[in-house]
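Undergrad: To start, I am sharing the structure in question, which I have written as structure tokens.
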Amino acid sequence: MGLMQTSRVKSPWILHFDNSSCNGCDIEVLACLTPLYDVERFGMVNMGNPKHADILLITGPVNRRTARVLKNLYNQVPDPKVVVAVGTCASTAGVFHNCYNVLGGVDKIIPVDVYVPGCSVRPEAIIDGVVMALQKLASL
Amino acid sequence: MWGDRHMLEQFILVIATLVGAPLAGGLLFGIDRKITARLQGRYGPPVIQPFYDFFKLLGKEHIAVSRLQFIWIYGYLVFMVVSLIFLVLKSDILLLVFLLGFAGVSLVLGGFSTKSPYAHFGANRELLQIMAYEPVLLLFAIGIYAQNGSFLISEIFKQDKPLLFSLWPLFLAVLYVLTIKMRKSPFDIATSHHGHQEIVKGVTTEYSGPYFALFHLAEWYEIVLLLGIISLFWANPLWVGILIALVAFLLELLVDNIAARMTARWMVRLSWSIGLLLGVINIAYIYLTKGVS
Amino acid sequence: MMAIAILLPVAAGLLILAIRNYYARNVVVVATSIALIVNSVLLSINGPFTYTPDGVNWGLFITILDYAILLFYLYIGFTLRNWLVVIFAFTQLIPLAYFEFIMKAHLELSPAFVVDHLSLVMTLIISIIGSLICIFALRYMYDHEHHAHLTKSRQSRFLFWLVLFLGAMNGLVFANNLFWLYFFWEVTTLCCYQLISHDRTQEAINNAARALWMNATGGTAFIFAIIYLYATQGGSSALSVQTLIGGGMQASVVLLPVALLCYTGFTKAAQMPFQSWLLGAMVAPTPVSALLHSSTMVKAGVYLVLRLAPAFAGTYLSIAIAVTGAFTFFATSALAVSQTTGKRVLAYSTIANLGLIIACAGINTPLSVAAAILLIIFHAISKGLLFLCAGTIEHQIWSREIEDMEGLAAKAPLTTLITAVGILSMFLPPFGMLLGKWIALEAAYMVPLAAIFFVLASTLTIVFWTKWLGRLLQVLPKLGWPMEKLSLSYSAPLWTLLVGIFAVGIGVGPIYQNFLLDATHNVVSGNQIFVIGWNNLVLTSASFIQRDILGIFPIWPLYLILVVALLLPLLLIGLKPTELRPVYLCGEQVGGTDTDEWSAEADQKTKFLLGGYYFQSSLGEKKVNPWANTIAIVLLVIMIGCGVIVIC
């Protein structure tokens, strides 16, 4: 892999956004950042700023309001970028898929690269999903 | 001094600095993250992580919010490099402080060059940071003059007694400034390296991709410059000064992990009381004992 | 030639007063300006000389005009019911009459005018920058009256006083006879009053009256200094400035009048505690602020202090002047941070820089005097430019508030560019103002307290300039800003001054060596600045035995770096429409890329607003003025006390 490709894999910066989840998956994402799982050893840093991010970690099902916000954030992330839908709600809206305000999973609004099912997702699974996303990033 | 060295020697020194300083700076930042991680009971990224970050940013899409951003980030980088070159060529330290000031102002104006709330807050806070550390740095330059009778850095190397003995109050004040300039708690107020979400990314919120990479590059030059300034306190032999600088660097990491972020107001107040007091007492003492050279 | 410098503006002014036609008047003003500029350059090439006018009894003429002016002040005081003006007109009239009739003073002295290099520097500044400002005033006043819907044009009157003022300033810097200097001094005060009160609003008249009485206290001190000198030194020869500074009189006796004259200079330069008159003068139209209150008239105050520097060299008075000037520099820089009006920031900055120049005169070494002269020149150019920019901005957005100037870069890119360069030139390397400040700091250790004030003030100047420039730059993400059209009357002076900043800044080495060094020698002997290599300015220590190097400033390399760092990215890096992104509003923005609206509660569209930081609770006038004015008054008393006490 070239220098650029290696760097992209070795330095994935995260933007974590919660659509309307119950925060269960969010807590698990945060757990990844703690010393117990320590994703910073892979170079992952949670940048709160889309303009600095490579990987979007999205949780929760999309509703009308957050659809707009999600689109805005996605547009502000510079290429190359990958989207990881964390949790069942983000993937397909899960148990909420028929609710009157829910539009569906994240892929109704933006293209998703990796789906990580679970309710709520284990940190190990999240890390697995991000690693898969990184491999995709390297090929972009 | 300008006349002493051969032009070629100076040229080689400048090139070596231009190439070597970012490498050293990046490594220092990597070591920073590693040690911080260990202090927090985790493994932390590899030591060359900053370089991965830099190249990744270079490969990002070229986006921006306004054309004005480009001017100021280049201003920040170029004047930071120029300040370092001034240090390496042993030129005028007062002018060095002013050039560093230009770099700081450039960064602030970069934050101001878009109508973004977070960048606005970050820029104003960065300005407050400048207001906090600039008097101490200027007093430091005057202190050197008071002790040596010249503002030239080359004169520091000609003294037999290290500056640390006569300028130790200023040394303490400069350590305080180091915390602010390295953006370590309790003074990581305007922007900082980790995910501090209070004002998103502050000054650098609207920068992305290659231009954000330039910001990191400038920071690498800056850390080498700052540690270089600290090593001036023990210039003969220089390796002792560099050792002191590295110890100060490690001390900053310790402070960063112990302290919580404070308010900008507290930072300015502390600097304008204790920082100024230390500087003024130091200079007054030298003035009264040595007179004017 | 000297007569042209002084009398041509008078004649031209009277002519202007008579002309009603806009275009004819413009021609006269432009012609006068060109004549003045050429004249001043010819004078400089000619070199120093002395001159005493014979023929007409000028002395009598001047004395009569003096009384006329003072009586006019009385008239103003009575009509406005401003008793301070009345009092301070009397405190000048009565001693003047006493001097004239009871002491039967003979005021003839030769030479009446001494034009040395310092005077030449001043007249170049007055003629060139003053003329540019007069040209700016042509279109400015037209737009000003247009906007105010004035039916009867008063531009003739305005231009008359503006041009007359240039003549008075020239006379002031050439005069050797203190009494004649006093006359020219009073004429400038008169012009100041007329120009500040031009708009005839209550506020303008009040502020003009305040300027009048504060400057009148200075005039009073002037008269007392003259009388004291005449009485103690015996005769009119004592009134020669050259004799005063030449060491021909006993130092201990000379200090008191010199202290009084420095006090006069302080009032004219609006130092603390007199700063309120300059702040109040900002209500006047911008050319007034640019000409009188930044480039020229207030320079008369510092010119007087600098001219007298040899008379108080090496005394406690010198140290007192240095500390007082340095304190003003610090306190007014602090006050400037809290101002929300652009012109008030400029006013406080002017006072601050004048304090710096006075402090340099007080430090009284070859290095600091050179710094003072450099600062006078660079400040005149940069501040003149900034005031003209403020006027141009005001006539585009019709507001003087900094908050209204937000995002000016998108509405008026050209003006913003010029203003940005102007602001950067006030406090950043490698520009001339910073060069002067750098030299001043390197020289300041002689009076350490002054050095400490310099340090604090330098920090504060960074804050308020950057803050203001930042507000100008805050634009929304949009491409294609339309270039605004500026009339020639606006743009010619702006561009000339901008080029001037760079020309004088880059060429400061040769300019110093060939011209300014002589001006420094008019004040203090010795030289501590040398130019080596590619225009590197080298400062040496004062001892003549060891030429130890204090500091080095490589001018050309730094200008080159400036171009590379700022100009090249501006010109070379473009932005395509697809690369534009909105500002980060947590994703809540509504609208296109250049939107400034976001959806608040209940999905309501709300504009987001940004406000600058002004720190008014800690640095506002209400907080700072009480203690700053008190300290300033104490320092002034100490200063005059140092003149009274005979110990050197």
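The values are calculated or read from the model by the stated rules, or taken from the named source; none is laboratory data. None of these values were measured; they are calculated from a predicted model. Cβ: placed from backbone, ideal geometry, glycine included. Neighbour counts: every protein chain shown.
Undergrad: Could you list, in sequence order, the residues of the range C:440-449 that are farther than 26 Å from C:Val504 by Cβ and either part of a helix (DSSP H, G or I) or in contact with an Asp or Glu (Cβ under 8 Å, 6 or more places away or on another chain) (or both)?
TA: Passing the criteria: C:Tyr445, C:Met446, C:Pro448, C:Leu449.
Undergrad: Given the criterion of a type in the set (A, V, I, L, M) and surrounded by 17 or more Cβ atoms within 10 Å (Cβ to Cβ), identify the matching residue among C:Ala35, C:Ala31.
TA: Being of a type in the set (A, V, I, L, M) and surrounded by 17 or more Cβ atoms within 10 Å (Cβ to Cβ) holds for just one of C:Ala35, C:Ala31, which is C:Ala35.
Undergrad: Could I ask something else about it? Please verify whether the range C:440-449 includes one or more residues that are without any contact (Cβ under 8 Å) to a residue 60 or more places away in the chain, within 13 Å of another protein chain (Cβ to nearest Cβ) and of a type in the set (Ser, Thr, Tyr).
TA: Scanning the range C:440-449, I find at least one residue that is without any contact (Cβ under 8 Å) to a residue 60 or more places away in the chain, within 13 Å of another protein chain (Cβ to nearest Cβ) and of a type in the set (Ser, Thr, Tyr), so the answer is yes.
Undergrad: If C:Trp481 passes every condition in (1) among the hydrophobic types (A, V, I, L, M, F, W, C); (2) more than 8 Å from every other protein chain (Cβ to nearest Cβ); (3) more than 30 Å from C:Gly130 (Cα to Cα); (4) exposed (fewer than 15 other Cβ atoms within 10 Å of the Cβ) but one, which one does it miss?
TA: All conditions are met except number (4).
Undergrad: Out of curiosity, is C:Phe158 farther than 21 Å from C:Glu203 by Cα and assigned to a helix (DSSP H, G or I)?
TA: Considered against the rule, which asks whether it is farther than 21 Å from C:Glu203 by Cα and assigned to a helix (DSSP H, G or I), C:Phe158 comes out as no.
Okay, residues lined up against (1) within 26 Å of C:Phe454 (Cα to Cα); (2) surrounded by 21 or more Cβ atoms within 10 Å (Cβ to Cβ); (3) not charged (D, E, K, R):
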site	(1), (2), (3)
C:Ala372	yes, yes, yes
C:Leu375	yes, yes, yes
C:Gly391	no, yes, yes
C:Ile397	no, no, yes
C:Pro413	no, no, yes
C:Leu417	no, no, yes
C:Phe427	yes, yes, yes
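Undergrad: Going by what's in this entry, would C:Leu65 be described as touching a Phe, Trp or Tyr at 6+ places or on another chain (Cβ under 8 Å), under 24 Å from C:Leu109 (Cα atoms) and in a helix (DSSP H, G or I)?
TA: yes
Undergrad: How many of the residues in the range C:52-103 are over 17 Å from C:Thr220 (Cβ atoms), under 28 Å from the mean Cα position of the chain (by Cα) and not small (Gly, Ala, Ser)?
TA: 2
Undergrad: Follow-up. Just for the range B:236-283: of the residues that are closer than 25 Å to B:Ile130 by Cβ, among the small types (Gly, Ala, Ser) and in a helix (DSSP H, G or I), which one is nearest to the other protein chains (Cβ to nearest Cβ)?
TA: For the range B:236-283, the residue satisfying everything is B:Gly279.
Undergrad: Within the range A:68-93, how many residues turn out to be more than 9 Å from chain C (Cβ to nearest Cβ) and of a type in the set (Lys, Arg)?
TA: 1
A quick yes/no check of all residues on (1) at the interface with chain C (Cβ under 8 Å from one of its Cβ atoms); (2) part of a helix (DSSP H, G or I):
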site	(1), (2)
B:Gly20	no, yes
B:Gly26	no, yes
B:Arg33	no, yes
B:Tyr43	no, no
B:Leu57	no, yes
B:Lys60	no, no
B:Leu94	yes, yes
B:Val97	no, yes
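Undergrad: Please list, ordered by first then second residue, the pairs with beta carbon atoms under 6 Å, 6 or more apart or interchain, first in the range B:183-208 and part of a loop (DSSP other than H, G, I, E, B), second crowded, with 19+ Cβ neighbours inside 10 Å and at pLDDT below 75.
TA: B:Arg183/B:Ser192
Undergrad: I need the helices (runs of 4 or more DSSP H) fully contained in the range A:1-97, keeping only those with at least 1 residues that are under 15 Å from the mean Cα position of the chain (by Cα) and of a type outside the set (S, T, N, Q).
TA: Answer list for the range A:1-97: A:24-33, A:64-76, A:88-92.
Undergrad: (1) part of a helix (DSSP H, G or I); (2) at the interface with chain A (Cβ under 10 Å from one of its Cβ atoms): which one isn't true of B:Ala173, the others all being true?
TA: (2)
Undergrad: If you don't mind, another one. How many residues, within the range C:470-489, are within 26 Å of the chain's Cα centre (by Cα) and either under 14 Å from C:Gly422 (Cβ atoms) or part of a loop (DSSP other than H, G, I, E, B) (or both)?
TA: Number of matching residues: 3.
Table: residues versus (1) surrounded by 15 or more Cβ atoms within 10 Å (Cβ to Cβ); (2) at pLDDT 90 or above; (3) under 18 Å from B:Phe171 (Cβ atoms); (4) in contact with a helix residue (DSSP H, G or I) (Cβ under 6 Å, 6 or more places away or on another chain).
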position: B:Leu227; (1), (2), (3), (4): yes, yes, yes, yes
position: B:Leu253; (1), (2), (3), (4): yes, yes, no, yes
position: B:Thr263; (1), (2), (3), (4): no, no, no, no
position: B:Trp266; (1), (2), (3), (4): no, no, no, no
position: B:Leu278; (1), (2), (3), (4): yes, yes, yes, yes
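Undergrad: Let me ask another. Can you tell me which residue among C:Tyr140, C:Tyr182 is in a helix (DSSP H, G or I), in contact with a helix residue (DSSP H, G or I) (Cβ under 8 Å, 6 or more places away or on another chain) and at pLDDT below 90?
TA: Matching residue, one of C:Tyr140, C:Tyr182: C:Tyr140.
Undergrad: Also, quick follow-up: Is it true that some residue in the range C:53-60 is in a helix (DSSP H, G or I), surrounded by 12 or more Cβ atoms within 10 Å (Cβ to Cβ) and not polar (S, T, N, Q)?
TA: Scanning the range C:53-60 turns up at least one residue that is in a helix (DSSP H, G or I), surrounded by 12 or more Cβ atoms within 10 Å (Cβ to Cβ) and not polar (S, T, N, Q).
Undergrad: Can you report the number of residues in the range A:98-116 which are over 12 Å from the mean Cα position of the chain (by Cα) and not aliphatic (A, V, I, L, M)?
TA: So the answer is 7.
Undergrad: Related question: Which of the residues that make up the range C:614-648 are within 17 Å of C:Ser276 (Cβ to Cβ) and either of a type in the set (S, T, N, Q) or touching a Leu at 6+ places or on another chain (Cβ under 9 Å) (or both)?
TA: Within the range C:614-648, C:Leu619, C:Gly620, C:Glu621, C:Val624, C:Asn625, C:Ala628, C:Asn629, C:Thr630 qualify.
Undergrad: Counting only residues that are in contact (Cβ under 8 Å) with a residue 24 or more places away in the chain and closer than 26 Å to C:Thr123 by Cβ, give me the helices (runs of 4 or more DSSP H) lying completely in the range C:315-420 with at least 2 of them.
TA: C:316-337, C:342-363, C:366-397
Undergrad: I'm told A:Gln5 meets every condition in (1) surrounded by fewer than 22 Cβ atoms within 10 Å (Cβ to Cβ); (2) of a type outside the set (Gly, Ala, Ser); (3) more than 10 Å from chain B (Cβ to nearest Cβ); (4) at negative phi except one. Can you identify the failing condition by its number?
TA: Failed condition: (3).
Undergrad: Can I ask one more? Using the structure shown, decide if A:Val39 is at the interface with chain B (Cβ under 10 Å from one of its Cβ atoms) and under 30 Å from C:Pro577 (Cα atoms).
TA: Here the answer is no, as A:Val39 does not meet what is asked.
Undergrad: State yes or no: is B:Phe249 over 27 Å from C:Ala457 (Cα atoms) and of a type outside the set (Ser, Thr, Tyr)?
TA: Yes: the conditions hold for B:Phe249.
Undergrad: Given the criteria touching a residue at least 24 places away in the same chain (Cβ under 8 Å), in a helix (DSSP H, G or I) and within 7 Å of chain B (Cβ to nearest Cβ), does C:Lys437 qualify?
TA: For C:Lys437, the condition - touching a residue at least 24 places away in the same chain (Cβ under 8 Å), in a helix (DSSP H, G or I) and within 7 Å of chain B (Cβ to nearest Cβ) - is not met.
Undergrad: Please work out which one of (1) in contact with a Pro (Cβ under 9 Å, 6 or more places away or on another chain); (2) in a helix (DSSP H, G or I); (3) of a type in the set (Lys, Arg) is the condition B:Arg125 fails and give its number.
TA: (1)
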